[in-house]
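**Student:** Below is one structure. I have some questions about it.
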Amino acid sequence: MQFTALQLAQTVKGHVEGNPETVVSGISKLDDSQPGTLSFLSNPAYTSFIYSTRASIVLVADTFKPEQALPPECTLIRVENPYLAFAQLMSMYDAMQKPAFEIHPSASIDASAECATEIYLGPFVVLGKNVKIGKGSRIYAHTVIGDHVQIGENTTIFSNVTVYHHCTIGSDCTIHANTVIGSDGFGFAPNQDAAFVKIPQLGNVQIDDGVEIGSNCSVDRATLGSTRIHRGVKLDNLVQIGHNVRVGAHTAMAGCVGVAGSAKIGKHCTLGGGAIVLGHLELVDHVHVSAATVVSRSILKPGQYTGVFPFDENAAWEKNAATLRQLHAMRDRIRSLEKDRKSTRLNSSHGYISYAVFC
């Protein structure tokens, strides 16, 4: 797979500065590049690397003005947004790396399954009863798709993923290796001193279009109804989504986030790594939670929220937490007291001096 500078420029609506016939067959970083590769410059902090780069083609902004000579073998493609253009070309390159559409002979497909044309099923893929797979989707080796699962078009599911029965996955989704979709939610009824009684989890998981889920994630099925991951959501690796959770469109969660059952997360929210949202809480749209923060009450106002507090015996922790919330008011009261004390001292000093002079 080789491309000329002219072909790439036409793809990203840019224009060539240098040799339009320069050929590349790979992609590299600007500061660690090789001849025959494409790179980009968007962050001014990396500008110095372009003067020594070995990349054959570099995407730069229309406004970029070299302050010294560029390597003679380097051709520029000027675009409005180099980072976006590079992402577009990387997506194109990635698509070309994908396996051809085929069904491996070792795949196990139930007779009732409906598979569109132009799909890829890798070695030892299992499709259950009444499964539906949309055109252009790819399912990699050892993945198990349970009964009555529906998967849209152009969705990629990597190796060793398990999708339980009756779940739905939209189009243009990506689910990375070892993730589990639709396992039972954590539902058990206490029974005094006897064993817990399991509550059957009779719902499913519904994943909308354009969702990406990292590796080793778990999205639990609902007790009743659906656990819902809305359009465009992005989940990093090792994210846990509890039963009956709803995650709003275009929300992103970094690694090791945990969302407990029945929580509702709004649209365009972000949760930093290791953040926890307790069950049955609500986060409105445009809430941004910092890493390692524990959200213990609903957030009904957009904004950035942060909280790291050491653990302790629960009674002591609750008292300390209550005190911590009053620190701001306590600080103001202390400042007021200090100001009054200073004023009293000053007045007393003036009175002493006046009395001494009078005597």
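The values are calculated or read from the model by the stated rules, or taken from the named source; none is laboratory data. All of these numbers come straight from a predicted model, not from anything done at the bench. Don't worry about glycine lacking a Cβ; one is built from the backbone with ideal geometry, like all the others, and counts go over all protein chains shown. Just so you know, the surface numbers come from the protein's heavy atoms only, side chains and all, with ligands and any DNA or RNA stripped out. Shrake-Rupley method; radii C 1.70, N 1.55, O 1.52, S 1.80 Å.
**Student:** Quick one: give the max-minus-min coordinate of the C-alpha atoms of the stretch 21-64 along each principal axis, largest first, in Å.
**Tutor:** Principal extents (largest minus smallest coordinate, Cα): 26, 21, 14 Å.
**Student:** Still on this structure, please answer the following. For the chain, what does the helix formula give at 222 nm: sum of -39500 (n - 2.57) over DSSP H segments with n ≥ 4, over the residue count, nearest 500 deg cm²/dmol?
**Tutor:** -6000 deg cm²/dmol
**Student:** Restricting the count to DSSP beta bridges whose residues both fall in the chain, what percent are antiparallel, rounded to a multiple of 5?
**Tutor:** 10
**Student:** Report the gain in length on full extension from residue 212 to residue 320: 0.36 nm times residue separation, minus Cα-Cα distance, nm rounded to one decimal.
**Tutor:** 34.9 nm
**Student:** For an R0 of 51 angstrom, estimate the FRET efficiency from the Cβ-Cβ distance between residue 298 and residue 21 and round to the nearest 0.05.
**Tutor:** FRET efficiency, residue 298 to residue 21: 0.25.
**Student:** Kindly sort 334, 299 by accessible area of their heavy atoms, largest first, with the probe set to 1.4 Å.
**Tutor:** Heavy-atom accessible area, descending, gives 334, 299.
**Student:** Note down the accessible area of residue 330, probe 1.4 Å, to the nearest 10 Å².
**Tutor:** It works out to around 60 Å².
**Student:** Calculated from the structure, percent of Cα pairs over 36 Å apart equals which of (1) 37; (2) 21; (3) 47?
**Tutor:** (3)
**Student:** Counting only heavy atoms of the protein chains, get the accessible area per residue of the chain (1.4 Å probe) and round it to a whole Å² value.
**Tutor:** 57
**Student:** Separate question: Bin width 10 Å, origin at 0, all Cα-Cα pairs of the stretch 25-134: what percent of pairs per bin?
**Tutor:** Going from the shortest bin to the longest, the percentages are 13, 33, 15, 14, 17, 7, 1.
**Student:** Something else now. If you stretched the chain out fully between residue 54 and residue 250, how much longer would it get, using 0.36 nm times the residue separation minus the C-alpha to C-alpha distance?
**Tutor:** Length gained, residue 54 through residue 250: 66.8 nm.
**Student:** Also, I was wondering about something else. Taking the alpha-carbon distance from residue 29 and a cut-off under 27 Å, which lysines remain once sequence neighbours fewer than 8 residues away in the same chain are dropped?
**Tutor:** Straight-line reach from residue 29, under 27 Å: 13, 65, 98, 234.
**Student:** According to the square roots a ≥ b ≥ c of the eigenvalues of the Cα gyration tensor, what is the shape class of the stretch 160-310, taking rounded for a/c under 1.5, prolate for a/b larger than b/c otherwise, and oblate for the remainder?
**Tutor:** Cα axes put the stretch 160-310 in the oblate bin.
**Student:** By how many nm would the segment from residue 268 to residue 334 lengthen if fully extended, with 0.36 nm per residue of separation less the alpha-carbon distance?
**Tutor:** 19.7 nm
**Student:** Here's another thing I want to ask about it. What shape does the stretch 115-178 have by the C-alpha gyration tensor, where a ≥ b ≥ c are the square roots of the eigenvalues, rounded means a/c under 1.5, and otherwise prolate means a/b greater than b/c and oblate the rest?
**Tutor:** Rounded is the answer for the stretch 115-178, as its axis ratio a/c remains below 1.5.
**Student:** Describe numerically, in nm with one decimal, the distance between label points set 7 Å from Cα along Cα→Cβ at residue 312 and at residue 101.
**Tutor:** In this crude label model, residue 312 to residue 101 measures out at 6.3 nm.
**Student:** Right, another one. Projected onto the charge dipole of the chain (+1 at Lys/Arg Cβ, -1 at Asp/Glu Cβ, origin at the Cα centre), which of 48, 321, 287 gives the Cα projection farthest towards the positive end?
**Tutor:** Toward the positive end, the furthest listed residue is 321.
**Student:** So, one more: Determine the shape class of the stretch 221-296: with a ≥ b ≥ c the square roots of the Cα gyration tensor eigenvalues, call it rounded for a/c under 1.5, and otherwise prolate if a/b is greater than b/c, oblate otherwise.
**Tutor:** Cα axes put the stretch 221-296 in the rounded bin.
**Student:** Residue farthest toward the positive end of the dipole of the chain, with Cβ of Lys/Arg at +1 and Asp/Glu at -1: which of 22, 187, 169?
**Tutor:** 187
**Student:** Go through 97-104, 178-185, 58-65 and give me the packing order, highest mean Cβ count within 10 Å leading.
**Tutor:** Packing proxy ranking, top to bottom: 178-185, 58-65, 97-104.
**Student:** Using a 1.4 Å probe on the protein chains only, how many percent of the accessible area of the chain belongs to carbon and sulfur?
**Tutor:** 55
**Student:** Separate question: Given Cα pairs under 8 Å that are at least 6 residues apart, what percent is the relative contact order of the chain?
**Tutor:** 6
**Student:** Please sort 85-94, 66-75, 315-324 by packing, taking for each peptide the average over its residues of neighbouring beta carbons within 10 angstrom, highest first.
**Tutor:** In decreasing order of mean packing, 85-94, 66-75, 315-324 become 85-94, 66-75, 315-324.
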